[in-house]
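Nothing in this text is a laboratory measurement; each read-out follows from the coordinates by a stated rule. This structure is a prediction, so every number in the text was calculated from the model and none was measured. Cβ placement follows ideal geometry from the backbone for every residue including glycine, while neighbour counts extend to all protein chains displayed.
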Amino acid sequence: MCGIVGILGNRPATPVIMETLHRLEYRGYDSAGIATLDEGKMQSRRAVGKLSELETLLAEQPLSGTSGIGHTRWATHGAANVENAHPHRAGTVAVVHNGIIENFRELRDELTAEGVNFASDTDTEVVAQLCARYIAAGKTPVEAAAATLARLQGAFALGFLFEGEHDLMIAARRGSPLAIGHGTGEMFIGSDALALAPLTNRITYLEEGDWAVLTRTGAEIFDALGNPVERELRIVNVDQVMIDKGSYRHFMAKEIHEQPSVMAFALSHYLNPERTAVSLPVEIDFSGLDRLVLVACGTAFYACNVAKYWFEQIARIPVEIDVASEFRYREPPMSGREGAIFISQSGETADTLAALRYVRGKAAHVLAVVNVPESSISREADASLQIMAGPEISVASTKAFTCQLSVLATLAIAAARQRDAIDATGETRLVKALTGAPQLVAQAIKQEPAMEAASRDLAKARDILFLGRGPLFPLALEGALKLKELSYIHAEGYPSGELKHGPIALIDDSVPVIVFAPSDDLFDKTVSNMEEVMARGGKVLLITDEQGAEAASHGTWRTIVLPATDPFVAPMVYAVPAQLLAYHTALEKGTDVDQPRNLAKSVTVE
Ligand code: F6R
């Protein structure tokens, strides 16, 4: 949700800022801007649309200087236009912001009453105007920024630059992530360490409420009360290969194809191959728990949906699942004997973080399952389990989903053993199935040409339904979400058995129905529901295994054959068509696969 970057450098700042913004573009891409200082004089450029628009503008009107700040925006307050693009400037101050200033109306009214004229509709401009006001009243830039921060409510990461102050930048973090990068005679700020990776691997993460005064020689950090504090300087090694598209046309394609290797890598940290047993990297006691509460958003929430089946069926522990934005305001009663698990690729999703904070102190265990070890959700949980998918750049989550499932599957087995729901033989069977999952995912990916062919027709549809039963029902939800967000075609996922209770009224030959049906115990039931669709002229794309295809492909529009799987790992394998059908349909429609409209990857606002 908005990416921010800053540099106090010893080389031209504009190319460095633009390159860094490209790595942050996944956070928002409806407008972008940059401000630099050249011999103390501030200039800025802002443009609507993707970074390429700003690049075009900078080619016509270049910016010089060795210090600067930059921003790529996902609009929250005010339309995506030039006036609302960051940096926001007032007097000698320029500000870039990620997050929401909740009391901005009150501050705006106060400043307007004092005669300040606002140039934008954003919440961010009050920060610049307030700071400029304090400077006009005689405060130094540092004092003015501190006084401004004390007045702000909400969640934010901020970068301040001041005209006439060639060697000064101020950074602040409350609720939204911000990293400080230490170079040689240069200092940087960035929304994540990934963005700073080519500049430096020496990173300090600001803690909640911290703010920092940066010069080219270092950073002085203060806590929310203004006390100087020491924060650890860490060496963060981000594999450059992982943030490159390589030979793929899109990050999404690369990330789908990476799944077998990243899943295997993740599983190797959770399984003991010699004993064919689960071996968790942190100690978790599931034995005395009443129930589990699994909370997340979007695709990560669908991983919770799958895990519910696993924990309930294998470990015999009741599971409650909820989307984070509902959970936190529902204020669910907690007995103190629950295990609460928060799942998030980014580890920064504001709703999931708020839900975690609600539960802290009320549940027996608070666990995070994340892809970014340094993230807020990871740091605020009692214990954090890494999914080890590597950087996921495409806005639509793919490899993080299958890695989340891999880790959750190991937790379900561990819980089952601890609660005596399975014995050592049962554990061995499940671990063997899990160990084979990456290979099956690789085989499923080999069916890409069949999925591509089906997508050519899917792209013509206005509405598409996805059906699945049991642990494949969440895959129907995931397939529909992926298709909606990438191709902008309306899609819904339903439990197969639910169709006859209403949605079957939608069926005619213009609505493709995609059925996920591995030949498991529920296969016959799903096929009956599929027959009901075909009896009404529905056009069915059946996704099954060879045995399922032999039994049920007659009369379908198309059948795609995936490898036969143990039912336990079928959700991982069927994630592949959920992803690739959406990917190829989007390509067919010509939409922006890696950066679909209106979205951003890391949703750090409520
Ligand atoms: C969909 C997608 C989103 C995210 C959701 C949660 O493809 O990517 O639905 O899954 O925004 O994000 P994280 O996992 O970062 O909390």
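In segment 314-348, the residue that is farthest from Ala415 (Cα to Cα) out of those that are within 12 Å of the ligand (Cβ to nearest atom) and out of contact with any Ser or Thr (no Cβ under 7 Å at 6 or more places or on another chain) is Ser325. Here Leu280, Leu292 are screened, and the one residue that is among the hydrophobic types (A, V, I, L, M, F, W, C), more than 16 Å from the ligand (Cβ to nearest atom) and in contact with a Pro (Cβ under 8 Å, 6 or more places away or on another chain) is Leu292. Of the set (1) within 16 Å of the ligand (Cβ to nearest atom); (2) in contact with an Asp or Glu (Cβ under 8 Å, 6 or more places away or on another chain), all apply to Ala416 but (1). Checking Tyr302, Tyr358 one by one, the residue that is assigned to a helix (DSSP H, G or I), of a type in the set (Ser, Thr, Tyr), away from the ligand (no atom under 15 Å from the Cβ) and within 22 Å of the chain's Cα centre (by Cα) is Tyr358 and no other. Note on segment 209-232: residues that are at negative phi and surrounded by 14 or more Cβ atoms within 10 Å (Cβ to Cβ) total 14. Can Pro333 be described as part of a loop (DSSP other than H, G, I, E, B) and without any contact (Cβ under 8 Å) to a residue 24 or more places away in the chain? For Pro333, the condition - part of a loop (DSSP other than H, G, I, E, B) and without any contact (Cβ under 8 Å) to a residue 24 or more places away in the chain - is met.
Any chance segment 441-458 includes a residue that's under 30 Å from Ile507 (Cβ atoms) and either outside any helix (DSSP H, G or I) or within 16 Å of the ligand (Cβ to nearest atom) (or both)? I'd like the intermediate steps shown before the answer.
Going through segment 441-458, the residues under 30 Å from Ile507 (Cβ atoms) turn out to be 444, 447-458.
Now drop any that are not either outside any helix (DSSP H, G or I) or within 16 Å of the ligand (Cβ to nearest atom) (or both), which leaves 447.
Scanning segment 441-458, I find at least one residue that is under 30 Å from Ile507 (Cβ atoms) and either outside any helix (DSSP H, G or I) or within 16 Å of the ligand (Cβ to nearest atom) (or both), so the answer is yes.
When Val16 is tested against the conditions (1) aliphatic (A, V, I, L, M); (2) touching a Leu at 6+ places or on another chain (Cβ under 8 Å); (3) within 26 Å of Phe118 (Cβ to Cβ), the lone failure is (3). Of all residues assigned to segment 538-545, at least one qualifies as being surrounded by 23 or more Cβ atoms within 10 Å (Cβ to Cβ), out of contact with any Pro (no Cβ under 9 Å at 6 or more places or on another chain) and in contact (Cβ under 8 Å) with a residue 24 or more places away in the chain.
Contact map, segment 1-14: first residue touching a residue at least 40 places away in the same chain (Cβ under 8 Å) and closer than 9 Å to Ser67 by Cα, second residue among the aromatic types (Phe, Trp, Tyr) and surrounded by 24 or more Cβ atoms within 10 Å (Cβ to Cβ), Cβ cut-off under 9 Å, separation 6 or more or different chains; pairs are Gly6/Phe160; Gly6/Phe188; Ile7/Phe188; Leu8/Phe188; Gly9/Phe188. Pairing each residue of segment 339-367 that is touching a residue at least 60 places away in the same chain (Cβ under 8 Å) and under 17 Å from Leu385 (Cα atoms) with any residue that is away from the ligand (no atom under 15 Å from the Cβ) and of a type in the set (Asp, Glu), provided the two are 6+ apart or on different chains, yields C-beta distances under 9 Å for Ala364/Asp285; Ala364/Asp290; Ala364/Glu338; His365/Asp285; His365/Glu338; His365/Asp382; Leu367/Asp382. If only residues of segment 375-404 that are away from the ligand (no atom under 13 Å from the Cβ) and touching a residue at least 60 places away in the same chain (Cβ under 8 Å) are counted, the one that is surrounded by the fewest Cβ atoms within 10 Å (Cβ to Cβ) is Ala383. Among the residues in segment 533-554, are any within 16 Å of the ligand (Cβ to nearest atom) and not in a loop (DSSP other than H, G, I, E, B)? No, segment 533-554 contains no residue that is within 16 Å of the ligand (Cβ to nearest atom) and not in a loop (DSSP other than H, G, I, E, B).
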